[in-house]
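K.L.:
Quick one: the structure is below, questions incoming.
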């Protein structure tokens, strides 16, 4: 690819890279790793198609960014979508649906009737995590900043693990409608609903700050209240604060104050109001609006925190060619890319 042929003011030609940017992995500063996986999605599948939906929509963006002059010159490259992973997802998803159907019919996780299926799904998830870890480790060893593009929210664990080998400690800023602190939800050891429970088993992760949570179980709330590593800014509290006159700027400063110097951003698209992501797997009323989320991430950078990596997950395309979710996802992804380079 020849960067000299890229016209930031003209039509972007699709080339298999997010945003149609003309940079190879070798020359890139930041590399995006799509992961087409939604095996454990518990309500509505489709996130496995999310990275492709974002890729398709991303070439329709304009490249001016108010926070980063000439943002299109960021050397951002893309690992091609691995369709072997996509096929493995289809096979494991079919088995996972057998487990989910069994549980929703009154069965128990510990029943022998589904032990073989659970084992198969959990092994597939372990293999997926290992693949992401290997891909991320290779890129991190080349001093690339890595962003995972899901896929469901289980997929970035391998990147988080690889980052722990590079950084002695770091925190996670999680934008999400859910706490994702369930232990092996539905028997799936690497459920999308268990990503933060699994992440907190990594010793180098010393703080988890959750923003926008509004769908949570009692066990998760008990853990949040008892675990000093976790700070939750629930959506109902954020809204109440705003109704009582506390500005979003002030709330963002309070959120950021709980984070260490090095921060990993885990952005589940359902952290936004579902008007922005109507086809995500588990939409929940409420949530951040688009500009609130951008302002929070911009404030993080202005506070001199260092973004060491990120993921964007749970984007799912709509039926009948509805590209809205991919469009919003592409814009969030572009902002993550830009802010990570400031």
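K.L.:
Return the total of residues in segment 283-336 being surrounded by fewer than 21 Cβ atoms within 10 Å (Cβ to Cβ) and at positive phi.
P.N.:
Adding up the residues that qualify gives 4.
K.L.:
So, in segment 228-248, of the ones that are more than 15 Å from residue 176 (Cβ to Cβ) and loosely packed, with under 13 Cβ neighbours inside 10 Å, which residue ends up nearest to the chain's Cα centre (by Cα)?
P.N.:
Ranking the qualifying residues of segment 228-248, first place goes to 228.
K.L.:
Collect the residues in segment 117-154 that are in contact (Cβ under 8 Å) with a residue 60 or more places away in the chain, under 24 Å from residue 75 (Cα atoms) and assigned to a helix (DSSP H, G or I), keeping them in residue-number order.
P.N.:
The answer is 132, 135, 136, 139.
Listed here are the residues, each with its yes/no results for (1) under 24 Å from residue 144 (Cβ atoms); (2) in contact (Cβ under 8 Å) with a residue 24 or more places away in the chain; (3) touching a strand residue (DSSP E or B) at 6+ places or on another chain (Cβ under 8 Å); (4) surrounded by 14 or more Cβ atoms within 10 Å (Cβ to Cβ).
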| position | (1), (2), (3), (4) |
| --- | --- |
| 7 | no, no, no, no |
| 18 | yes, yes, yes, yes |
| 22 | yes, no, no, yes |
| 37 | yes, yes, yes, yes |
| 50 | yes, yes, yes, yes |
| 77 | yes, yes, yes, yes |
| 84 | yes, no, no, no |
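K.L.:
Restricting to segment 256-296, name every residue that is more than 20 Å from residue 54 (Cα to Cα), touching a residue at least 60 places away in the same chain (Cβ under 8 Å) and assigned to a helix (DSSP H, G or I).
P.N.:
Once the filter is applied, which keeps residues that are more than 20 Å from residue 54 (Cα to Cα), touching a residue at least 60 places away in the same chain (Cβ under 8 Å) and assigned to a helix (DSSP H, G or I), segment 256-296 yields only 296.
K.L.:
Looking only at residues in segment 298-312 that are touching a residue at least 60 places away in the same chain (Cβ under 8 Å) and under 18 Å from the mean Cα position of the chain (by Cα), which one is farthest from residue 137 (Cα to Cα)?
P.N.:
Ranking the qualifying residues of segment 298-312, first place goes to 298.
None of the figures in this text is laboratory data; all of them are computed from the coordinates on show. All of these numbers come straight from a predicted model, not from anything done at the bench. Virtual Cβ from ideal backbone geometry, glycine too; neighbours counted across all protein chains shown.
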